[in-house]
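Read through the structure below, which is laid out as structure tokens, and then see the notes.
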């Protein structure tokens, strides 16, 4: 059995609207997987229903030893491909996965007024619900910030809070990953 230190997080593409099926299959075969979900209330003429929908369409995340477990992933119905860069699967740092989980799980509507963030700046969140996340500020307004998580290329849009603080990250300052 592979040792846990060989396991890393990867993002996978799924067929459209197959994220939950892929996730269920992966968990059934013993793969550690994460599918960020949020709920929406859908209304019909005769009822309302709470529906869990993926936060990121056509994405699921797996923690695997790539060499040992990739065949299981390829055999999963609904799997399309690993997210790749230069024909290599992109490893997602644990800190980015933790930050995404915190942001999704917190479900907080957060507010703040004065941060010294600028578009294009590479930042690390040092407090608040996304602590540890490193990304590039894509867009900032009075109360919202969009940060592109660098390893995955996914943009998370969050409302800022008074307890959320950032520090600028230099290109060679990733030694915590």
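Conditions tested, residue by residue: (1) part of a helix (DSSP H, G or I); (2) within 21 Å of residue 135 (Cβ to Cβ).
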{"site": "16", "(1), (2)": "no, no"}
{"site": "30", "(1), (2)": "no, no"}
{"site": "45", "(1), (2)": "no, no"}
{"site": "72", "(1), (2)": "yes, no"}
{"site": "76", "(1), (2)": "no, no"}
{"site": "80", "(1), (2)": "no, no"}
{"site": "98", "(1), (2)": "yes, yes"}
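Kindly indicate whether residue 127 is at pLDDT below 65 and in contact with a strand residue (DSSP E or B) (Cβ under 7 Å, 6 or more places away or on another chain). Yes: the conditions hold for residue 127. Of the residues making up region 105-124, not a single one is assigned to a helix (DSSP H, G or I) and modelled with pLDDT of 80 or more.
The values are calculated or read from the model by the stated rules, or taken from the named source; none is laboratory data. Remember, it's a predicted structure, so these values are computed and weren't measured experimentally. Glycine also receives a Cβ, built like all others from the backbone with ideal geometry; neighbour counts cover every protein chain displayed.
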